[in-house]
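Written out below as structure tokens is the structure these notes cover.
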Amino acid sequence: MKAILRLAWQSLVNRRTTALLTLLTVAISVTLLLGVETVRTQAKASFANTISNTDLIVGSRSGQVNLLLYSVFRIGNATNNIDWQSYQEISQQRAVKWAIPISLGDSHRGFRVIGTNDSYFKHYQYGQKQHLTFSDGRPFNTLFETVVGAEVAKKLSYKINDEIVIAHGISDQKFNRHDNLPFKVVGILKPTGTPVDRSVHVSLGAIEAIHVGWESGARIGQTPDAAQLAEYQFEPKQITSFMLGLHSKIQTFALQRTINTYKKEPLSAIMPGIALHELWGMMSIAEQALLVVSGFVVIAGLLGMLTSLLTSLNERRREMAILRAMGARPSHIFFLLISEATVLTSAGIVLGTILLYVGLFALQPMIQQQFGFFIEVTLLSTYELTLLALVQTAGIIVGIIPAVRAYKHSLADGMTIKI
């Protein structure tokens, strides 16, 4: 068997151009197959790790996926706001242990601005019930102080005591900036791999203060400066959503029903886990389509290898005949062709896996910045190893076809080919 493998390797070296192209075809198809699976699983993990140990998310009446997207992932916008009195009444329910108000609507150089309070830094959790921590600085405690996420600080090179200007609305343009009311950076959060990294956090009072004189959606006349606004105690009139942690998980369904039937205004209370499950259900068709496409790419790569072996087989019939004349049995010829297919497939799998990891390390920062989720580079999972085993098996099966043809070639037929 070692002699056959050595002979197969030498044969591939002699046909190195064709073998290299076949190897690259298999490698690229394997890279795509593993890449699709990695992105699919890591995207799920990243989304699932965005919020942890939160029992309910409350917003204006809408679908639970939409509420989850804008309140947790900062994707899209709310259909309506929530009255501040409603938040206070619900957050004071006996079942509620803590509440985190969220106010959205403004931005800073492409990053969302989040209005909230101290509860956000005390109770918000992500991943495996991990709390937010600071790499530098502290939480805000005055009107015009801000805490920025790790990605914001990194991309915009912010440091403690730097000043930033918030823009009115999602589009950050010169005409809609609150440039007369700059905020001072007092805290930078450690990376979390969640949308928190791409958020600018200010107090709820600050959200109200910077919109004095902007009631119509645009600046009208002269607006008060920071010194004037600091003299007032601002309380929000409305917020976008809020998160709730309960004393007992058993109380979740009862409180959810109470909120969903709240009479003062139409509200929706969702459980993050169930909303995520619905989101994955909506995305399952796209996931399956990607896996099918990557599967067909692998099949195309293996068919390319089959074509290469069959094409070279006619050119190698004299080689096979000489091997037979030197004492090689038909079974040796059979296993020689299968060995070549096995070597090509194995090498393609190894090269494809290497290309996958190189690509992940290279694209990891860009994917996090552009699409908002962190791809953790880990060892291949059991499922991915199973996929590679199936590819290897398919490569061996593909090698059987030219091997059978070579097996059937007679010695006389090989020796009489005209050259």
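Annotations for the structure displayed:
- Some residue of segment 23-37 being assigned by TED's automatic domain parsing to the domain that holds Leu363 and either of a type in the set (D, E, K, R) or within 28 Å of Pro266 (Cβ to Cβ) (or both): yes
- Verdict on Ala43 being at pLDDT below 85 and in the same structural domain as Met305 (by TED's automatic domain parsing): yes
- Residue match in segment 140-161 (condition: within 26 Å of Ala269 (Cα to Cα) and either in contact with a Leu (Cβ under 9 Å, 6 or more places away or on another chain) or not β-branched (Val, Ile, Thr) (or both)): no
- Of all residues in segment 32-59, those being over 30 Å from Val292 (Cα atoms) and either out of contact with any strand residue (DSSP E or B) (no Cβ under 6 Å at 6 or more places or on another chain) or surrounded by 20 or more Cβ atoms within 10 Å (Cβ to Cβ) (or both) number 7.
- Segment 90-100 - residue that is assigned to a strand (DSSP E or B) and touching a helix residue (DSSP H, G or I) at 6+ places or on another chain (Cβ under 6 Å) and, of those, nearest to Ala153 (Cα to Cα): Ile100
- Whichever residue in segment 151-170 is within 25 Å of Ala78 (Cα to Cα) and of a type in the set (A, V, I, L, M) and, among such residues, is surrounded by the most Cβ atoms within 10 Å (Cβ to Cβ): Val152
- Among the conditions (1) at pLDDT 90 or above; (2) among the β-branched types (Val, Ile, Thr); (3) buried (at least 17 other Cβ atoms within 10 Å of the Cβ); (4) over 30 Å from Leu143 (Cβ atoms), Ile239 misses just one, which is (4).
- As a summary of the residue check, Ile75 satisfies the conditions (1) under 27 Å from Phe134 (Cβ atoms); (2) crowded, with 21+ Cβ neighbours inside 10 Å except for the one numbered (2).
- Residue pairs meeting the criteria (Cβ under 8 Å; at least 6 apart or on separate chains; first under 24 Å from Ala341 (Cα atoms) and of a type in the set (Gly, Ala, Ser), in segment 370-391; second at pLDDT 85 or above and crowded, with 16+ Cβ neighbours inside 10 Å): none
- When restricted to residues that are over 17 Å from the mean Cα position of the chain (by Cα) and not in a helix (DSSP H, G or I), segment 69-89 contains 8.
- Residue pairs whose Cβ atoms lie under 7 Å apart, sitting 6 or more positions apart in sequence or on different chains, and linking a residue in segment 298-317 that is more than 14 Å from Glu340 (Cα to Cα) and modelled with pLDDT of 70 or more to a partner that is small (Gly, Ala, Ser) and assigned to a helix (DSSP H, G or I), are Val298/Ser29; Ala300/Ser29; Gly301/Ser29.
- Filter result for the condition that a residue is touching a Gly at 6+ places or on another chain (Cβ under 8 Å), at pLDDT 95 or above, more than 23 Å from Ile51 (Cα to Cα) and surrounded by 22 or more Cβ atoms within 10 Å (Cβ to Cβ), over Val148, Val185: Val185
- Against the numbered list (1) in a loop (DSSP other than H, G, I, E, B); (2) modelled with pLDDT of 90 or more; (3) not hydroxyl-bearing (Ser, Thr, Tyr), Ala153 comes up short only at (1).
- Test result for Leu380, outside the structural domain of Gly149 (by TED's automatic domain parsing) and at pLDDT 85 or above: yes
The values are calculated or read from the model by the stated rules, or taken from the named source; none is laboratory data. All values derive from a computational prediction rather than experimental measurement. In this analysis, Cβ positions are derived from the backbone assuming ideal geometry, glycine residues included, and neighbour counts consider all displayed protein chains.
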